[in-house]
Amino acid sequence: MKMYQNIMENIVEEQFDILNDTLGCCTCQQCRSDIIAFALNQLPSRYVATSAGSTISKADSLRIQHMTDVRTALIKGAQIVKEHPRH
């Protein structure tokens, strides 16, 4: 069992679910994965090893600029996937 987690994955997935109707591209499982992977590669990792660390890091991640960065990365990913879908 791994004792660490990149909470950025959860944050990006949550934001994708919020934005998916406005992205203007296919959001099938393959496209969803491609968009999220693109966004994660554009953003810094946020690894935590405890639930307390997760709570603190997630609270810090909710800053407006941080959420703007996440949404911008998702929108860029959606544009790329729209132009070059893999399905």
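The values are calculated or read from the model by the stated rules, or taken from the named source; none is laboratory data. Please read these numbers as outputs of a predicted model, since none were measured by experiment. Every residue, glycine as well, gets a Cβ built from its backbone with ideal geometry; the counts of neighbours run over all protein chains shown. Calculation scope for accessible area: heavy atoms of the full protein, side chains included, ligands and nucleic acids excluded. Shrake-Rupley method; radii C 1.70, N 1.55, O 1.52, S 1.80 Å.
Numbers at a glance
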{"read-out": "Helix 7-19 vs. the chain, principal-axis angle (Cα, 0 to 90°, nearest 10)", "value": "40 degrees"}
{"read-out": "Karplus (6.51, -1.76, 1.60) ³J(HN,Hα), θ = phi - 60°, over the stretch 68-79, in Hz, Gly and Pro reported as x", "value": "5, 4, 5, 5, 4, 5, 5, 5, 4, x, 5, 5"}
{"read-out": "Percent breakdown of C-alpha pair distances by 5 Å bin, ordered from the shortest bin, for the chain", "value": "3, 15, 26, 21, 16, 11, 6, 2, 0"}
{"read-out": "1.4 Å probe accessible area per residue over the chain, in Å²", "value": "65 Å²"}
{"read-out": "Rough spin-label spacing in nm, given labels placed 7 Å along Cα→Cβ, for residue 66 and residue 9", "value": "1.8 nm"}
{"read-out": "Accessible area of the chain belonging to carbon and sulfur atoms, whole % at 1.4 Å probe", "value": "53 percent"}
{"read-out": "Most fluctuating residue given options 63, 46, 71, as computed from a GNM of the chain linking Cα atoms under 10 Å", "value": "63"}
